[in-house]
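The values are calculated or read from the model by the stated rules, or taken from the named source; none is laboratory data. On a predicted model such as this, the values are computed, not experimentally measured, just so you know. Here the Cβ is made from the backbone with ideal geometry for all residues, glycine too, and neighbour counts use every protein chain on show. When the accessible area is computed, the model is the full protein with side chains, heavy atoms only, and any ligands, DNA or RNA have been set aside. Shrake-Rupley method; radii C 1.70, N 1.55, O 1.52, S 1.80 Å.
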Amino acid sequence: MTLTGDPVRQALLRRGFALEYATLAWNVIGIVVLAIAAVSARSVALAGFGLDSLIEIGASTVVIWELSGSGEERQRRGLRLIGAAFAALATYLLMQSTVVLASGYHPRHSVPGIIWTALTAAAMFALAAGKARVGAALRNPVLHTEGRVTLIDGILATAVLLSLVLNAARGWWWAGPAAGYVLVFYAAREVRDIFFHGH
């Protein structure tokens, strides 16, 4: 088992765990912040983004489990669980965007929501880049693929931020759901790649 004793691999594994625990911690705090902001602004987009944080928590937990062991079967199971997280994300985005557009719901202005989503976008893009690098170096498809869940989280945070800013500045309440549909396509493509093309 020379690989397990390899100090470079051990350092990369530690970095992988650190990235996942940072993602977990951020999203756990995010659920609380977003719940408060969503209730005060009556914002469906912020409430939905809180649900996305739950999905990201699930995906990070899968990677922590997968990194704790070894074997191809464990990797395959890990990838299927990440695929399920992407499917849940696509379903949530599709439903949320459709409901908001159909109801023509106009949320209130939310300063805490704007601040949190801006910080989240920056944090998720940095974490996603780290996961892509470490996942590639470890040749770990589960960590690499979950990094794309984090990337979507960052893009979604940007979309929610943009919709909050445009709603506050211009009254463009529909900007968030419109961006949501673009992300549905991206998440659905990831599901197809994981389940039908394999790794």
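Computed values, structure above
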item	result
Given (1) of a type in the set (A, V, I, L, M); (2) surrounded by fewer than 17 Cβ atoms within 10 Å (Cβ to Cβ); (3) at pLDDT 85 or above, index of the condition residue 13 fails	(2)
Residue in the stretch 116-125 that is part of a helix (DSSP H, G or I), open to solvent by less than 20 Å² (accessible area, probe 1.4 Å) and closer than 18 Å to residue 88 by Cβ present	yes
Of the criteria (1) over 16 Å from the mean Cα position of the chain (by Cα); (2) closer than 18 Å to residue 59 by Cα; (3) among the β-branched types (Val, Ile, Thr), which one residue 120 fails	(1)
In the stretch 105-115, residue modelled with the lowest pLDDT [restricted to those that are part of a helix (DSSP H, G or I) and buried (at least 18 other Cβ atoms within 10 Å of the Cβ)]	113
Count - residues of the stretch 161-192 that are under 26 Å from residue 79 (Cβ atoms), at pLDDT below 85 and surrounded by 15 or more Cβ atoms within 10 Å (Cβ to Cβ)	6
Filter result (open to solvent by 40 Å² or more (accessible area, probe 1.4 Å) and either assigned to a helix (DSSP H, G or I) or touching a Phe, Trp or Tyr at 6+ places or on another chain (Cβ under 9 Å) (or both)) within the stretch 133-160	133, 136, 137, 144, 148, 151, 155, 158
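Residue-by-condition table, conditions (1) in contact (Cβ under 8 Å) with a residue 12 or more places away in the chain; (2) touching a Gly at 6+ places or on another chain (Cβ under 8 Å); (3) under 18 Å from residue 154 (Cβ atoms):
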residue: 23; (1), (2), (3): yes, no, yes
residue: 35; (1), (2), (3): yes, yes, no
residue: 64; (1), (2), (3): yes, no, no
residue: 90; (1), (2), (3): yes, no, yes
